[in-house]
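Reading through the C-alpha cells given below for one structure.
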Amino acid sequence: MKRLSLIASALVLAGCSTMNPRPVVDIAGPTYVAPQVVEAPVVSNGAIFQATQYRPLFEDHRARLVGDSITVQIVEKVSASQKSTSSIDKSGKLAAEVTALPGIASNSFGRASAAGSSSNTFEGKGSTENTNDFSGTITAVVTGVLPNGHLLIAGEKQIGVNHNVDVLRFSGQVDPRAIQPGNSVASAQIANVRIEHRGRGAQADAQGIGWLGRFFLNVLPI
C-alpha cells in the first residue's frame with residue numbers, strides 16, 4: 001500500500017510539472033568559450049613582431065577573436081497597435097401595381113399591387129495593442145567567428161540575493177563594424193537576438209499557480 005501511494009505521488013508531481021511548462025528561449029550555447037591557446041613560434045627570430053601573437057598596438061580594444069568579451073547595451077522597445085473598422089449598410093425597395101388590362105374594367109385592379117423592402121446593416125470594430133520594453137547591460141563572450149567576420153556572442157549573468165536568483169542570458173550575431181568605441185554595441189544592432197530574464201527561488205515560486213489550481217485549469221473545459 002505504501003509503495004502504491006509513493007508511485008501515485010510521483011505521478012501527480014510529474015503531471016504537475018508538465019501542466020504548466022515554462023516557455024523555452026533558444027539561447028545560443030555555450031554561453032562561455034575560453035580563448036584559444038596560442039601556440040609558441042617554432043623558431044624565435046628575436047623580432048618584436050610575432051605572427052602567432054600579433055595584435056595591432058594602436059587599435060581600439062574591440063572584440064574580434066574567440067574568447068574576447070564585449071559589452072551589450074540591451075535596449076529593446078517594441079510597440080505595435082492595429083485598429084480596424086467595418087461598416088456595411090444596404091437597403092432595397094420594390095413596388096409593383098397593375099392599373100389596366102384590355103377588356104377588363106379598371107376598377108377590378110383595386111388590390112392588384114405588390115410592395116417589398118429589405119435592409120441589411122453590419123458594423124464591426126476591432127483593435128489590438130502590444131508594448132514591450134526591456135533595458136539592461138550584460139558583458140558577453142565571443143563564442144565563434146563566421147567566415148564573413150561576424151561574431152557569435154553569448155553571455156550569462158546570475159545575481160543571487162537571499163533565497164532568490166535573477167538570471168539574465170543573451171546571445172546574438174554582431175557585425176564588427178557596429179561595435180562602438182569602448183567595445184560596446186547596442187542590442188538593436190545585433191542579429192538573431194535571444195534574451196532571457198527569469199528568476200529562481202521563493203519569489204518566482206510565489207508568482208506561479210499551485211499544482212491543484214493548474215490541474216483544474218487544464219481539466220475544466222472553460
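Readers should treat all values here as calculations from the given coordinates under stated rules, not as data from a laboratory. Since the structure is predicted, the reported quantities are computational estimates derived from the model, not experimental observations. Backbone-built Cβ (ideal geometry, glycine too); neighbour counts: all protein chains shown.
Here are some notes:
- In this simple spin-label model, placing a label point 7 Å from the Cα along the Cα-to-Cβ direction at both Arg200 and Leu65 gives a separation of 3.3 nm.
- Segment Gln73..Ala114, full-extension length gain: 7.0 nm, with 0.36 nm per residue of separation and the alpha-carbon distance subtracted.
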